[in-house]
Amino acid sequence: MKNFLVLTIILMLGAYGRVVAQDAAAASKRANQQYVLFESERDKGTNVTGMYSYLLDSYENFMKVVEAPDNGQYLSGAKNRLRAMYPYLLNGAVYYSEQKQPSKALDFAAAYIEMPRLKIFQSELLPKDNRYASVVYYAAVSAYNLQKYSQALKYFQEYLSTGTDTQQKDCYVYMNMIYQSQKNYSEQERVLEEAIAKYPVSLDFLYNLVNVHIATNNMPKLLSAIDRILEVDPNNDKVLPIKARILERQGKNQEALDIYKRLYALHPDSFELLTGLARVNFNVATEIVNNGATIANDTEYALVRQRASGYLLDAKDLFLKILEKEPSSKMYMQGLAGVYQYMDMKSEYEVLMKIITDGASYTSFPSRLLAYNEALKKTEGVAQQQESAPVPVEPAMLVIHVDSFIDGNNNKVIDAGESFAVQFSVENKGQGDAYNIRLRLSEQQGYDEYFDGPRELDGGNIPAGTSKQYTFRYLVKKEMPSALAKINIYAFEANGFDADPSELIVNTQEYAMPRLRVADHQFFASEGSSITLGKNGKLTLALQNFGSKTARNVKLNFKLPNNVFTTDVPEMTIDSIAPGDVATLDYGFLVNKRFDGDSIAVMVSVSEDSRSSYLSEAYKVKVGEYLTASSTIKIDGAVRKAVDLKNVSLGLNTELLQDIPVGAVNRHRYALIIGNEDYSITGANAEINVPYAVNDAMVFREYCVRTFGVPDGQLKVVPNATAGMMHEQLDWLVNMASTDPEAELIFYYSGHGNNDEATKEPYLLPVDITGKNIRLGISLADLYKRLATYPIKGAYVFLDACFSGGYKSAAPLLAQKGVRVVPKVGLPQGHTLSFSSSSGDQTSSVYHDKKQGYYTYFLVKCIKDAKGDLTMKELFEKTNAEVKKATALIGKMQEPQYMVSPTWSDWADVKLKTPATMN
């Protein structure tokens, strides 16, 4: 039996070998047959789909041959065939990709990718097409879309190994999504960390890392990931709330408070931030009070209450805001009740706790508090009747002694925002006992409305010849004004033996603290009009104290991202900033050529000695972004009258805006002023922009109003006007003349001009139009025609632009060759004259030192120097001379020109300054 079994096994093994050999033979036969058919279809070129079908079938069968164990006699042929078909596999992948058949395309792409990895080709390198990386990426994305995640991951890794940068970032994005869908958090974390190492300022990968650590509930790593985001963007409102909540749960309430305060200042309408800020204020106050619970000394305990009082007052205000929105919130009613309890507001506390017990809404609080106080009065009256004082046999004689006044900072002043206490004794010097004493505090001028705390205490009975000590404690509201408070303490006795009131006179001080803010900031480039790699930049800050106390020892700490280096010290100190004053400082930095972010974030933290004002801000500038020369910030917000705030602007500072000549208002004048500076909307880089065009417009606007007498309501200034805006505003200007025969129209433009390549007709270019669509701009011929639509007294056109194909910026507009040609210029019509900044094939230059265009600067300067008292002809001649002289010095001769309607004979004597007699 044993021999039989052995024989059977041997026979079976032999049969298996014959089957494998037959399979290899069959596969080789099939593969060669399909390959021949592929070649036939390829040569005919009429059946592309059939050709690739034969090719794929041939490939799959040759792969069976390669994988067969006993394939020796077939392997060489298979190898030769596979080598021959290798480039056609790539063609097949491209073909099916174009046919929108991703599954088929993936089959060919996978074959093309896998073939070089076969063992039979390890001794030789199959030549990879220059499209190899693109095919690998396409295969990976196709596999992802077909939910073949293992294959997708394999090909994304292969793409990364090619060293091609183009789609690397997307590969990490897809790999992250795959691992996330599989809940493979360890691999997802690994991929994200690898991506972050390559793209350290790409917040999307860091955001996903935060989600990984939330999913795995890894708090240390979560906080670390959040801090990494905040290094790039300190005011990131996506992760700051998460960090604040974590710190709050960890009991780090002061740290959480700092974050909530910053966020709430930025998003005052956020209910989530409102509730968080209320909670941590209350928690910080509770910590302070609990830590000081064992202090016996009243003065020291007053300091503890002082520290807690500011947080409690803030918590109270915040809880009230919350309950306005969610009056049924038990949690926040309990918080408010806690504040009332600490502040000894017994009635408010008991009413609110009863509302919570009843499950009622906070909306019932005012009416229930009123009812409670009314009932309390009645109860006290009944109690007094029931506990009627004994008929006196001998009189009581009560005397009040103020023992001490204790305030939080021990300066013997009631400061807004602090706590204070009045300790006093009531002595009975009479022969009879004093019964049912009521003690009450009142300020004669009504300033006690700013005291949060009980107004009345139960003094009990005081036997003859004895005394008792009492204390009134208060928190002072921040609205407390500076004044002289006259505080009276009364003692009322049941039988009418009342004490003479005692008086405490003490100064009150309004809320005094330094409060700092960055009132304005601006980035500057050391060269050109944008900050670029390998160049220097500068951030200028205007730091303002809008508090009522001098800020001393103000420290500014700066932090820069990787590959950006400071050219100044990282910490700057300002000795002091008085209330209302502004300190301006510059912080320089250098960007190296390895910086790979799209924006540079300069992080600034500001502190001062009192620690009552702290800032932590980030200021960003995009690499290559055009930096406008004029940037004025409007400072809003209520400020105490005692602080005289100065206007703050880091923008244009020019002598042209000083001592502007003043003319009378001319109600027949209308002006449209356009400054087209930022052309980045067209998709071009910053160098396409027109430096200082907005400055030009703003300066010209001031002269229109003050010197030319244009009423405010009859003047429009449009910075960076689109095509729609320019046409719309020009319609407005023309329509103003339709009902006013005495109208004078002023049209000013600073920006790009160009000419139609075919017709050479000049156009003004809106910021959203390139040379390719130039006819969507404003044709000069059309401008002159429209200004002459109605009979008017005059239309005055001022153009700081050139139309030759040479530009005020460093580069030509899109779709233009930059070849200078002499444009065809249409003539003004009616009573229209036009002054323009250059002639023929000249360009119009910018005066960098003055942050304006040469033409506009000297045009306005001539008006200023003449105090506005010059004719149009004089204005042209003087401007022409100054511009020619100045631009000749820089080697870019620019000669302004004028054109006037042939039918307007007396234009030369027109004056723009309005006479004083004009109405």
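Rule-based calculations on the coordinates, nothing more; no lab input. Everything numeric in this text was worked out from a predicted model, so none of it was measured. Counting neighbours? That spans all protein chains shown, and the Cβs are built from the backbone with ideal geometry, glycine included.
So the values come out like this:
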| read-out | value |
| --- | --- |
| Pairwise FRET efficiency - THR294 versus SER605, Cβ, R0 = 45 Å, nearest 0.05 | 0.80 |
| Normalised contact order of the chain, rounded percent, pairs of Cα under 8 Å and 6 or more residues apart | 5 percent |
| Value of Rg to Rh for the chain (Rh from inverse mean 1/r over Cα pairs, i.e. Kirkwood) | 1.15 |
| Descending Cα extents along the principal axes, the range 24-232, whole Å | 64, 38, 27 |
| Charge context of ILE462, other residues only, Cβ under 15 angstrom, K/R +1, D/E -1 | -3 |
| Neighbour net charge for PRO766 - beta-carbon separation under 14 angstrom, K R +1, D E -1 | -3 |
| Estimated inter-spin distance, SER467 and LYS622, nm [label 7 Å along Cα→Cβ] | 7.6 nm |
| For peptides 235-243, 569-577, sequence by mean Cβ density within 10 Å, most packed first | 235-243, 569-577 |
| Packing-based order for 498-506, 583-591, 202-210, using average beta carbon neighbours within 10 Å, highest first | 202-210, 583-591, 498-506 |
| Segment LYS477-LEU369, length gained on full extension (0.36 nm per residue, minus Cα span) | 36.8 nm |
| Kirkwood-Stokes translational diffusion coefficient of the range 516-622, alpha-carbon pairs, 20 °C, 1.002 mPa s, µm²/s | 149 µm²/s |
| Considering only the chain, percent of DSSP beta bridges that pair antiparallel, nearest 5 | 80 percent |
| Rg followed by Dmax, in Å, when the range 388-509 is reduced to its Cα trace | 15.6, 50 |
| Efficiency of FRET from Cβ geometry, SER361 and TYR207, R₀ 30 Å, rounded to 0.05 | 0.15 |
| Added length on full extension, which subtracts the Cα-Cα distance from 0.36 nm per residue, THR759 to ASP740 | 3.3 nm |
| LYS716 versus ASP865: modelled label distance in nm, points set 7 Å from Cα along the beta carbon direction | 3.5 nm |
| Mean Cβ neighbour count within 10 Å, used as a protection proxy, ranking 84-92, 729-737 highest first | 84-92, 729-737 |
| Computed over the range 151-302, the ratio Rg/Rh where both radii use C-alpha atoms and Rh is Kirkwood | 1.17 |
| Centre separation in Å (Cα based) which lies between the range 72-112 and the range 453-505 | 99 Å |
| Calculated SAXS-style log₁₀ I(q)/I(0) at q = 0.16, 0.17, 0.30 Å⁻¹ - the range 390-445, Debye, Cα scatterers | -0.66, -0.71, -1.22 |
| Label point distance in nm, SER270-ASN592, each placed 7 Å from Cα along Cα→Cβ | 3.5 nm |
| Additional length obtainable on full extension of the chain from THR379 to GLU449, 0.36 nm per residue less Cα span | 22.6 nm |
